[in-house]
């Protein structure tokens with residue numbers, strides 16, 4: 001059963017989330033089960049998310065027909081779509097469960113499993129990243145069940161909890177490891193190496209977000225990162241993960257360059273907002289300096305141990 | 001004396017006071033604006049105004065990651081939107097992605113910003129850079145004053161016992177003011193394990209100098225050093241402690257020992273902990289207290305509690321400890337319990353209010369023959385405290401005045417406290433009302 005976004009009529013009033021998401025979630029369940037039962041062309045191209053921001057040359061190759069088109073903002077992203085970015089390009093995908101994938105240049109990504117119930121937030125998600133730079137921020141599925149989200153790269157499987165992670169997959173990862181002088185043995189060349197970094201939330205977050213944890217598992221072993229801005233490097237499939245260690249500056253610069261924007265002209269303020277940063281971000285809530293209460297008196301401090309203090313002299317000891 | 005009833009009534013009173021202040025607190029619970037649905041963002045991911053409002057909505061709701069993703073999306077579309085880059089940097093700071101926050105703040109340092117935004121960039125850049133050091137320090141210095149109606153805790157009873165004989169007590173309640181000061185220095189060293197493990201040393205000192213009632217003067221200092229080690233959602237903190245207490249210029253007591261605290265994060269809103277500690281207390285004779293070494297002995301405390309954060313701005317904690325003191329003279333050995341409830345509410349612009357209530361139940365082992373050869377002392381001690389504080393920048397901001405950050409970040413606090421002791425021996429019944437003000441400055445380096 002195929003259900004496309006065109007078939008869902010948006011009400012004239014503000015849309016109710018469930019009226020949009022629920023049929024899509026149902027479609028996903030049907031399409032996935034359909035895929036599980038059939039081996040032919042019965043796989044449905046169910047939507048898993050939307051292209052939220054596009055920069056440069058980003059292509060989406062979709063469905064069994066393998067048709068490729070240039071990605072544009074507000075395009076639907078479907079199950080098993082292959083997302084490919086070229087040089088100096090980036091894409092942010094919003095998934096239906098509020099997960100966010102941001103991919104940088106020369107990235108190859110497929111979301112090959114996505115089941116989501118918007119009422120309960122339960123579901124499953126699996127993605128494969130063959131190469132490139134990406135950031136993943138977990139949403140409802142991972143928030144409700146960390147084991148339900150997995151990202152597979154050539155060298156490792158990533159399991160996340162309430163976190164945002166960044167990764168570099170491929171030759172760039174090996175080059176960065178060499179640049180930082182990391183000692184490792186590679187039996188597979190450099191094209192399948194992976195750098196995996198936990199960005200947050202860190203242990204000292206002042207929010208109610210769960211602190212982030214990422215498990216990096218290969219057939220050679222596993223490593224867990226639970227401190228923000230620590231990294232694990234896996235040189236090859238089957239190699240033991242190296243780390244965690246503090247993410248080196250060269251890796252940070254690489255990630256910043258390909259996953260984050262930088263100003264390229266004069267300052268703008270399209271919506272004319274000038275709220276102080278502390279107020280907008282909520283940080284000002286935490287800017288008071290609480291003082292501990294005075295210490296309680298120790299034992300006996302105020303006991304009348306010297307009777308002449310409190311009694312007439314005839315009763316003094 | 002019905003301890004349970006009195007304790008319950010006091011808990012209810014403190015809780016009611018806390019909630020009453022909470023309800024009057026401005027800017028905490030505003031009526032919710034019309035909610036922007038995620039489906040709207042899916043439909044219009046490039047609508048700048050909608051996504052900015054969605055980012056604010058998500059941040060206000062505590063969903064910082066969603067807020068960060070929305071701000072990031074805006075910057076992909078409008079990379080020169082410096083105001084949004086500042087907001088993004090500060091959300092990353094709140095998420096403790098200090099490297100991410102630093103990157104954005106360094107970019108902003110070279111951009112044309114308003115004076116207020118420039119000051120925020122400078123302030124938070126200093127915080128994120130020191131926060132990323134393996135070895136970090138925090139220093140806090142406070143100075144203030146207090147007024148108390150019975151600082152020396154003179155007995156409130158007209159008669160007391162001495163050697164078992166009832167006699168008039170010529171107790172004097174003297175209202176007096178005091179200068180107060182405190183310092184704190186904490187150092188933390190990250191072990192680089194990738195799990196947050198660290199070593200720490202924490203030093204605190206308190207000074208209370210009365211104008212007239214010298215017997216209530218005290219100077220106390222403590223040092224605690226140890227480490228925190230994380231095993232998944234559980235942390236273990238073994239530590240050693242040393243404390244010294246000087247009473248009216250006489251060295252009164254020092255204690256040294258150690259303990260172990262275990263904490264488990266059930267979810268971001270609920271934490272539970274258990275703790276055990278043992279310290280050797282070494283008392284000295286003083287002009288006010290000749291008992292001295294008869295009080296020497298081990299004090300063991302064991303207990304636990306929970307911390308509940310129903311909202312980002314609201315923290316409630318409750319703890320209960322068993323106390324066991326074994327002194328050289330059993331007249332000073334005791335068993336008991338200490339129960340504490342704390343409520344902290346953060347309001348806008350760094351304002352906060354705290355309410356705390358502690359009850360001690362202390363049952364001694366043997367009679368103190370100097371007071372009564374037959375009656376074994378039983379005490380119930382009670383402390384209730386309310387405090388309100390805010391940064392000076394907020395206080396002066398109410399009057400339209402902007403302070404430089406070095407002054408504006410100083411915190412002003414006003415507090416009130418009631419301390420009472422009930423006992424089966426009238427000698428030891430007393431209470432004390434006090435109020436205090438303080439100015440506190442914190443520096444991270």
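Once C-alpha pairs closer than 8 Å and six or more residues apart are averaged by separation and normalised to the residue number of chain B, the relative contact order reads 12 percent. For the residues of B:182-195, the average number of beta carbons from a partner chain within 10 Å of their own beta carbon is 3. FRET efficiency for the residue B:185 to residue B:43 pair, using the beta carbon distance and R₀ = 60 Å, is estimated at 0.65. Calculation over all alpha carbon pairs of segment B:38-131 in 5 angstrom steps from 0 returns a P(r) of 3, 14, 26, 22, 20, 10, 4, 1, 0 percent. Convex hull volume of the Cα atoms of segment B:362-432, normalised per residue: 111 Å³. Rounded to the nearest 0.05, what FRET efficiency do residue B:266 and residue A:86 give with R0 = 56 Å and r taken as the Cβ-Cβ distance? Could you check? Taking R0 as 56 Å, the efficiency between residue B:266 and residue A:86 is 0.75. If R0 equals 25 Å, the separation of the Cβ atoms of residue B:231 and residue B:298 corresponds to a calculated FRET efficiency of about 0.30.
The relative contact order of segment B:308-391 comes to 26 percent, based on Cα pairs under 8 Å that sit 6 or more residues apart. With the highest mean first, a sort of the peptides B:59-67, A:236-244 on other beta-carbon atoms found within 10 angstrom per residue produces B:59-67, A:236-244.
Taking only the alpha-carbon positions of segment A:48-259 and ignoring solvent, what does the Debye formula give for the base-10 log of I(q)/I(0) at q = 0.09, 0.16, 0.19 Å⁻¹? The calculated log intensity ratios at q = 0.09, 0.16, 0.19 Å⁻¹ are -0.32, -1.04, -1.43.
With the alpha-carbon atoms of segment B:253-401 aligned to their principal axes, the span from lowest to highest coordinate is 63, 39, 28 Å, starting with the largest. Relative to the first principal axis of the alpha-carbon coordinates of chain B, what is the inclination of helix B:48-60, with its axis defined by its Cα atoms, in degrees from 0 to 90 and to the nearest 10? That helix lies at roughly 10 degrees to the long axis. Taking other C-beta atoms within 10 angstrom as a stand-in for reagent exposure, B:90, B:138 fall in the order B:138, B:90, fewest first. Taken along the Cα-to-beta-carbon direction at a fixed 7 Å, the label points for residue B:242 and residue A:119 span 6.4 nm. The length gained on full extension between residue A:186 and residue A:144, counted as 0.36 nm times the residue separation minus their Cα-Cα distance, comes to 11.4 nm.
Note on B:56-64: average number of Cβ atoms from other chains within 10 Å of each residue's Cβ is 4. The equivalent ellipsoid that matches the C-alpha gyration tensor of the protein assembly as shown spans semi-axes of 59, 27, 24 angstrom, in descending order.
At full extension, residue B:401 and residue B:424 could sit 2.8 nm farther apart than now, given 0.36 nm per residue minus the alpha carbon distance. Here is how the number arises for the protein assembly as shown: DSSP H runs of 4 or more residues each give -39500 (n - 2.57), the sum is divided by the residue count, and the result at 222 nm is -6500 deg cm²/dmol. Volume of the convex hull of segment A:168-239 (Cα atoms only), normalised per residue: 84 Å³. For segment A:48-259, the relative contact order works out to 14 percent when only alpha carbon pairs closer than 8 Å and six or more residues apart are counted. Taking the inverse of the mean 1/r over every pair of distinct Cα atoms in segment A:55-115 gives a Kirkwood hydrodynamic radius of 11.7 Å.
Taking the square roots of 5 times each eigenvalue of the Cα gyration tensor of chain B, largest first, gives ellipsoid semi-axes of 48, 24, 22 Å.
Spin-label model, residue A:128 to residue B:133: label points 7 Å out along the Cα-to-beta-carbon direction sit 4.8 nm apart. Taking each residue as 0.36 nm, the span from residue A:262 to residue A:178 lengthens on full extension beyond its C-alpha to C-alpha distance by 27.6 nm.
Take each peptide in B:393-404, A:134-145, B:323-334, count the other Cβ atoms within 10 Å of every residue, and average; sorted highest first, the result is A:134-145, B:323-334, B:393-404. For the residues of B:167-175, the average number of beta carbons from a partner chain within 10 Å of their own beta carbon is 3.
With respect to chain B, whose longest principal axis is taken over its alpha-carbon atoms, helix B:98-109 is tilted by about 60°. With the highest mean first, a sort of the peptides B:223-233, B:429-439, A:161-171 on other beta-carbon atoms found within 10 angstrom per residue produces A:161-171, B:429-439, B:223-233.
Every read-out reported here was derived from the displayed coordinates using simple, explicitly stated rules and does not represent laboratory data. Here the structure is a predicted model, which is why all the values come from computation and not from measurement. Heads up, the Cβs are rebuilt from the backbone with ideal geometry, glycines too, and the neighbour counts pull from every protein chain shown.
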